[in-house]
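Undergrad: Below is the structure I would like to discuss, written out as structure tokens.
The values are calculated or read from the model by the stated rules, or taken from the named source; none is laboratory data. These numbers come from a predicted model, not from an experiment. Note: ideal-geometry Cβ built from the backbone for every residue, glycine included; neighbour counts use all protein chains shown. Quick note on the areas: whole protein, heavy atoms, side chains included, nothing else; ligands and nucleic acids left out. Shrake-Rupley method; radii C 1.70, N 1.55, O 1.52, S 1.80 Å.
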Amino acid sequence: MKYEDHGYKAAGVDAESAQSGLQKIIASVKQTWPPPGADGAVQLDIGYFANVIDIGGIGLAICTDGVGSKTIVAQMMGRYDTIGIDCVAMNVNDVICVGARPISMVDYIAIEKADAEMLGAIAIGLAAGAKQASVSISGGEISQLKDVIRGFDLIGMAVGIVPLDRIITGRDLVAGDVIIGLESSGIHSNGLTLARRVFFEDAKLSVEHVFPELGVSLGEELLRPTLIYVPEILDVINGIPNVKALINITGDGLLNLPRAEAVVGFEIDNIPSSPSIFRLIQQRGAVSNAEMFEVYNMGIGFCVLVAEEDRDAALSILRRHGRRAQVIGRVIEDTTKGVYLPRQRLVGHGKKFREQ
């Protein structure tokens, strides 16, 4: 049996059920929205990476996210000084997608039993991530929930500011616009449930196991912090007046691209070679190409979409920050908002890729 037959869902993540539940939540929470023009009026529909509310004419961007089951790998390693970077990254990388400058964030740590040394190490990571993103950590909460939590969970909420007339949603995308992909550092903070099942449950490997192609222990590779893209993306926003869309490639991989507002498609035909960790997951777990691209970033952690005439300027800014980036594809006409990977022979709609 191939791993895709029982893959991510059997590993404990039922994306379809979560999506169904999300629609029920959305129907209820939208009833709380103030009318347009009122203080606190919500500027975007639910579904983009962050939302924006009008606070006296100032756009306040807001989002929340956590690090998922990467916390389990941290526990297996007994190392907690990097997981805070992931928490910051998962939030500030979403805030910049609407064109906002992240300002501050708060964190929530749910823990089975308070451990001063563990909490201190988590704080080191939070502070390091905040420094990279140039944000403050303005507060937080620690809850001891021994009857609810095994180990710990780490979640953040970030805010930023954006002029109400400069909110970026991808509404102006047209066929011919270019898609620039920025490198990821590896697995980031998505798909750890599947990776843990492949390596630790099925293959019975230790976190100390070293694959020659990785050069570090498996645990170290899986704990490699999520990259924070704030400085370079803010420079792109400031240097290019008409950035079309900014897409954080997290869970759902390149299927995040259709979250842009415009009714267009995306052809991705120039993806660089994926980091070795992805090839190991696929080979060891017999995971299909379709599922790999549904679950993982596959080496692309963030996308900048601009007009053809702005491509060189955008690439120059990104490379000046030392970030590896390249044009990986283009926007195409497509009323189905599909994602097309011709070299991998994959076509994606919604949250699923299918092989051609």
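Undergrad: Can you give me the distance in nm between label points at S273 and L164, each placed 7 Å from the Cα along the Cα-to-Cβ direction?
TA: Distance between the two pseudo-spin positions: 5.1 nm.
Undergrad: Take E117, E291, E201 and sort them by solvent-accessible surface of the protein heavy atoms, 1.4 Å probe, largest at the top.
TA: E117, E201, E291
Undergrad: To continue, here is another question. Any idea of D202's accessible area? Nearest 10 Å², probe 1.4 Å.
TA: 80 Å²
Undergrad: Between the range 29-58 and the range 134-164, how many Å separate their Cα centres?
TA: Measuring centre to centre over Cα atoms gives 21 Å.
Undergrad: So, one more: What does the extension gain come out to for R354 and I124, with contour length at 0.36 nm per residue minus their alpha carbon separation? List each step's numbers first, then the result.
TA: On the way: separation 230, 0.36 × 230 = 82.80 nm, distance 4.19 nm.
Answer, rounded to one decimal: 78.6 nm.
Undergrad: In square angstrom, rounded to the nearest 10, how much accessible surface does V148 have for a 1.4 Å probe?
TA: 110 Å²
Undergrad: Which entry is the computed mean projected area of the Cα convex hull in nm² for this structure: (i) 19.2; (ii) 18.0; (iii) 37.9?
TA: The value computed from this structure is option (ii).
Undergrad: Rounded, prolate or oblate: which fits the range 79-236 when a ≥ b ≥ c are the square roots of the eigenvalues of the alpha-carbon gyration tensor, with rounded for a/c under 1.5 and prolate only if a/b beats b/c?
TA: oblate
Undergrad: Let me ask you something else. To the nearest 20 Debye, how big is the dipole of the chain about its Cα centre, given +1 on the beta carbon of each Lys and Arg and -1 on that of each Asp and Glu?
TA: 380 debye
Undergrad: Same structure again: Where in the chain are the DSSP H helices whose alpha-carbon span along the long axis reaches 20 Å or more and whose Kyte-Doolittle mean is at least 1.0?
TA: Once both thresholds are applied, what remains is 116-133.
Undergrad: About the Cα centre of the range 258-329, what is the dipole size in debye to 20, counting +1 per Lys and Arg Cβ and -1 per Asp and Glu Cβ, all else neutral?
TA: 520 debye
Undergrad: With a 1.4 Å probe and all protein chains in place, put L305, L60 in order of accessible area, largest first. Walk me through the intermediate numbers first.
TA: Numbers: L305 0, L60 50 Å².
Sorted by accessible area, descending: L60, L305.
Undergrad: Further, regarding this structure: Could you put R224, R197 in order of accessible surface area, largest first, with the 1.4 Å probe and the full protein assembly present?
TA: R224, R197
Undergrad: State to the nearest 20 debye the size of the charge dipole of the range 135-256 about its Cα centre, where the only charges are +1 on K and R beta carbons and -1 on D and E beta carbons.
TA: 220 debye
Undergrad: Return the loop-located GluC sites (Glu not before Pro) in the range 205-246 (DSSP other than H, G, I, E, B) with at most 13 other Cβ atoms within 10 Å of their own Cβ; answer none if there are none.
TA: Hits after loop and neighbour filter: E208, E213.
Undergrad: If you don't mind, another one. Can you give the FRET efficiency for E309 and A203, using 1/(1 + (r/R0)^6), R0 = 41 Å, r = Cβ-Cβ distance, to the nearest 0.05?
TA: 0.25
Undergrad: Further question on the same structure: Accessible area of K351, 1.4 Å probe, to the nearest 10 Å²?
TA: That residue has around 80 Å² of solvent-accessible surface.
Undergrad: What net charge is computed for the residues neighbouring P163, neighbours being all others with C-beta under 14 Å from the C-beta of P163, Lys and Arg scored +1, Asp and Glu -1?
TA: With Lys, Arg at +1 and Asp, Glu at -1, the net is 0.
Undergrad: Here is a further query. Here are some pairs, K146/K351; K131/K244; K30/K131; which of them have Cα atoms lying more than 32 Å apart in this structure?
TA: Checking Cα-Cα distances, K146/K351; K30/K131 exceed 32 Å.
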